[in-house]
Amino acid sequence: MRKLFTIINDSVLARSTADSMLELLGDGYEISADDPAGADMVLVFGGDGAFLHGLWSWGFPEAPILGINTGHLGFFQELLPEDTDLFKQYCSGEGFTLQTYRLLKAHVISDTGELTELAINDFTIRDRGAKVARLSVTIEDKLVERFFGDGFIVASCAGSTAYSYSLGGCIVDPRVESIQLTPMAPINSKALRSFTSSMMFPPTSSITIEPMEDSSLDLGLYADGLEVKAGEIKSVKFSLSEKRIHVVRNKDYDFWGKVESKFL
Ligand code: NAP
Ligand code: MN
């Protein structure tokens, strides 16, 4: 008996696609939507948002994750609703390759305590209002920049094609394990200076972002677009987590081919 765990986006299309595709599987499968423990495979019906937020809410299961795209872009989803033969083959555990993504980690210190949050794509750190964020950036133990602007995206290689890319960050081949720090609207004037390009760091780096002493910011932190409930933020230390997810890809999967087909 193969155990499949399903995450289904709350849209009519995702639900009807899940119903009709799961019906194709027949006997030999146990399908559950309320416990990923011991699952042989996780199925996600939806777009990238369903993928990101569904995996987060189930604690990033270890099993291979097969995405069926019913959303808009679907960068993580390898199949379309019409790929029924591949769907049956992959659910049986055959014919695919796995792409491993290492997660990002944020360690937050706030007035209410400490917490650690994980993300697949990125963290956004920025003022919740429309004020200039005055932030210090420390790499390992060295103060590298006093930044003035909207804030930062801290992106994994998976997130390099998402928000970071819209801000002019570089697309990172997933074989280059790294952390990318992309500024949002950095100010450069006679009064204030900030780096204007993204910065790339090796997988062992840590990047600490703190509000400057003299600033009265209302800092917000967002993991894959969802707000991290953290009280008044004093500092956030970003690094790569030891935790990984494994995404089902076609045998002929090619990252740059995917980028070309989704973006050009
Ligand atoms: P969303 O509001 O639906 O918008 C995000 C868009 O980016 C969607 O089209 C989504 O695909 C796509 N996307 C997500 N992850 C991607 C990836 N790794 N590579 C390429 N495209 C990707 O938000 P969402 O679906 O909940 O996704 C959350 C992500 O949105 C965040 O992690 C952040 O990177 C991104 N975001 C981008 C901007 C921007 O570019 N200006 C602003 C805010 C957030 P689907 O259509 O399949 O959902
Ligand atoms: Mn979306």
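The values are calculated or read from the model by the stated rules, or taken from the named source; none is laboratory data. What you see is a predicted model; the values in this text were computed from it and never measured. Neighbour counts are summed over all protein chains in view; Cβ atoms, including those assigned to glycine, are modelled from backbone coordinates with ideal geometry. The area values use the complete protein model at the heavy-atom level, side chains included, leaving out ligands, DNA and RNA. Shrake-Rupley method; radii C 1.70, N 1.55, O 1.52, S 1.80 Å.
Some points to look at:
- Highest GNM mean-square fluctuation among 26, 71, 38, for the chain modelled with Cα contacts below 10 Å: 26.
- With both labels modelled 7 Å from their Cα along Cα-to-Cβ, the residue 262 to residue 166 distance reads 1.4 nm.
- Gaussian network model of the chain, springs between alpha carbon atoms under 10 Å - residue of 224, 111, 48 with greatest fluctuation: 111
- GluC sites (Glu not before Pro) within region 110-183, DSSP loop, no more than 12 other Cβ atoms inside 10 Å: 140
- Of 22, 43, 192, the one that fluctuates the most in a GNM where the chain has Cα springs shorter than 10 Å: 192
- Cβ-Cβ distance of residue 92 and residue 19, R₀ of 22 Å, FRET efficiency by 1/(1 + (r/R0)^6): the value works out to about 0.65.
- Ligands, DNA and RNA are left out, and with a 1.4 angstrom probe the accessible area of the chain is 47 Å² per residue.
- 15 Å beta-carbon shell around residue 151, net charge (K/R +1, D/E -1): -2
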